[in-house]
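Report on one structure; see the data block that follows.
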Amino acid sequence: MGEKVRGYLMVIGGAEDHSGDKKILKKFAEISGQGKANVTVITVASQDHQEVGEMYVEIFSGIGVGHIETLDIKSRSDANKESVAERIASSTGIFFTGGDQLRITSVLGGTKAHYALERAYRQGVIIAGTSAGAAAMSDTMIIGGEGDEAPKGNIVSMAPGLGLLEEVVIDQHFAQRGRMARLLMAVAQNPFILGVGIDEDTAIVVHPDGNFWVIGSNTVTVLDGNCISFTNVSELGPGEPLAVCNIAIHVLSPGLGFDMKKRRPLFE
């Protein structure tokens, strides 16, 4: 961690406020450049590309973003168009909508659009994602698993993500859908990665120094498995209960942060 964080990310737990003070979306607009911003909304995860895209264009216009366009990438052929890569390259802020995170990676992975995203990130452009768009940010992403069960074998399914945020796995709608068990399982399987569970209407803003700060109205839960002293995860069969001892859990409210290099909470 550290050299593996290269730009700004905003990772949103889903269901961010669209009609009240819009704190999270206003922060994205601010970092993007506000009136001078050139924002691209990418709807690849969504089933209804047009409706979702139009909604975010209206919201961002209403909070003072200078210019907004949507990219309706429906196929890998679309993602390999030079015009799509050029649009991403011209952006000062990029926003991924919710839907299905596997659509994001299966459509974008290895395409001109994907490489343009990586270049934009390295150059300091903020990339945001909500719900599925949040899950896809990390190098390993959760794509399925029951949220209301005890942690057991085969409770979580994972796949490669976009790789913008390394050594971290994200889960969204965290408290609202009871997803502690599946994040515990993900971290138990690989204690080197940080598990970050983000509640609805809550986001982390990841800075290039490897620190993130919490904004929104709920909490962010960080699971650090580095100090696990015992786990039976490698012996589990389907449906068998997980044991994991001495895992660190941090619950962060808005205004608090986390140093992902030193793996410690930040209070100012």
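Report in % the part of the accessible area of region 199-244 that belongs to carbon and sulfur, leaving out ligands and nucleic acids; probe 1.4 Å.
On the way: 950 of 1810 Å².
Taking all protein chains in place, region 199-244 shows 53 percent carbon and sulfur surface.
Inverting the mean 1/r over all pairs of different Cα atoms, compute the Kirkwood radius of region 193-268 and quote it in Å. Please report the intermediate quantities before stating the final value.
Working: mean 1/r = 0.0734 Å⁻¹.
Roughly 13.6 Å, rounded to one decimal.
Between Cys245 and Asp72, 0.36 nm times their residue separation minus their Cα-Cα distance comes to what?
Working: separation 173, 0.36 × 173 = 62.28 nm, distance 4.53 nm.
Answer, rounded to one decimal: 57.7 nm.
Using Cα pairs closer than 8 Å and at least 6 residues apart in sequence, work out the relative contact order for region 1-105, in percent. The partial results should precede the final answer.
Numbers: 138 pairs, mean separation 35.2, N = 105.
Reported as a whole number, the value is 34 percent.
Give me the one-decimal nm value for the distance between modelled label points at Glu51 and Ser234, 7 Å along each residue's Cα-to-Cβ direction.
Calculated label separation equals 4.8 nm.
Write down the accessible area per residue of the chain in Å², having rolled a 1.4 Å probe over the full set of protein chains. Kindly include the intermediate steps, with their values, before the conclusion.
On the way: 10810 Å² over 268 residues.
Heavy-atom accessible area per residue stands at 40 Å².
For region 122-268, build the charge dipole from Cβ charges (+1 Lys, Arg; -1 Asp, Glu) around the Cα centre, then report which of Ser131, Ile228, Gln172 sits farthest towards its positive end.
After comparing all options, I get Ile228.
Taking the C-alpha atoms of region 120-268, how large are the radius of gyration and the largest Cα-Cα span, Dmax, in Å?
When restricted to Cα atoms, region 120-268 yields Rg and Dmax of 14.7, 46 Å.
Quick check: residue separation of Ala150 and Arg122 times 0.36 nm, minus the Cα distance between them. What number comes out in nm?
On the way: separation 28, 0.36 × 28 = 10.08 nm, distance 3.92 nm.
Answer, rounded to one decimal: 6.2 nm.
Apply 1/(1 + (r/R0)^6) to the Cβ-Cβ distance of Lys262 and Glu166, taking R0 = 22 Å, and write down the FRET efficiency to the nearest 0.05. Could you put the intermediate results ahead of the total?
Values: r = 16 Å, r/R0 = 0.73.
Result of the calculation: an efficiency of 0.85.
For region 182-221, what mean projected area does the convex hull of the alpha carbons give, in nm²? Each step should come with its number before you reach the end.
Values: hull surface 12.8 nm².
The directionally averaged projection comes out at 3.2 nm².
Checking the cross-link filter: which lysines have an alpha carbon closer than 23 Å to that of Lys261, excluding same-chain neighbours under 8 positions apart?
Straight-line reach from Lys261, under 23 Å: Lys4.
Once the cut-off is 28 Å, how many percent of the Cα-Cα pairs in the chain end up in the long-distance tail? Spell out each step's value before the answer.
On the way: 10909 of 35778 pairs.
Taking all Cα-Cα pairs of the chain, the fraction more than 28 Å apart is 30 percent.
How big is region 138-225 on each of its three principal axes, counting only the C-alpha atoms and giving the largest first in Å?
35, 26, 21
First compute the accessible area of region 48-166 with a 1.4 Å probe, then give the percent of it belonging to carbon and sulfur atoms.
Values: 2200 of 4830 Å².
So the carbon and sulfur contribution to the accessible surface is 46 percent.
Using a Cα-Cα cut-off of under 27 Å, which lysines could be cross-linked to Lys36, ignoring same-chain neighbours fewer than 8 residues away?
Filter leaves Lys22, Lys23, Lys26, Lys27, Lys81, Lys112.
With springs only between Cα atoms under 10 Å, which of Gln34, Gln101, Gln123 fluctuates most in a Gaussian network model of the chain?
Gln123
If you build the convex hull over the alpha carbons only and average its shadow over all orientations, what do you get for region 1-66? Give it in nm² to one decimal. Intermediate results must be reported in sequence, preceding the final value.
Details: hull surface 21.9 nm².
So the mean shadow area of the Cα hull is 5.5 nm².
If you split all Cα-Cα distances of region 43-185 into 5 Å bins from zero, what percentages do you get per bin, shortest first?
2, 10, 18, 22, 19, 13, 9, 5, 2, 0
The values are calculated or read from the model by the stated rules, or taken from the named source; none is laboratory data. Just so you know, these numbers come straight off a predicted model, no measurement behind them. Glycine gets a Cβ as well: all are built from the backbone with ideal geometry, and neighbour counts include every protein chain shown. Each accessible area value is taken on the protein alone, full model and side chains, heavy atoms only, with ligands, DNA and RNA left out. Shrake-Rupley method; radii C 1.70, N 1.55, O 1.52, S 1.80 Å.
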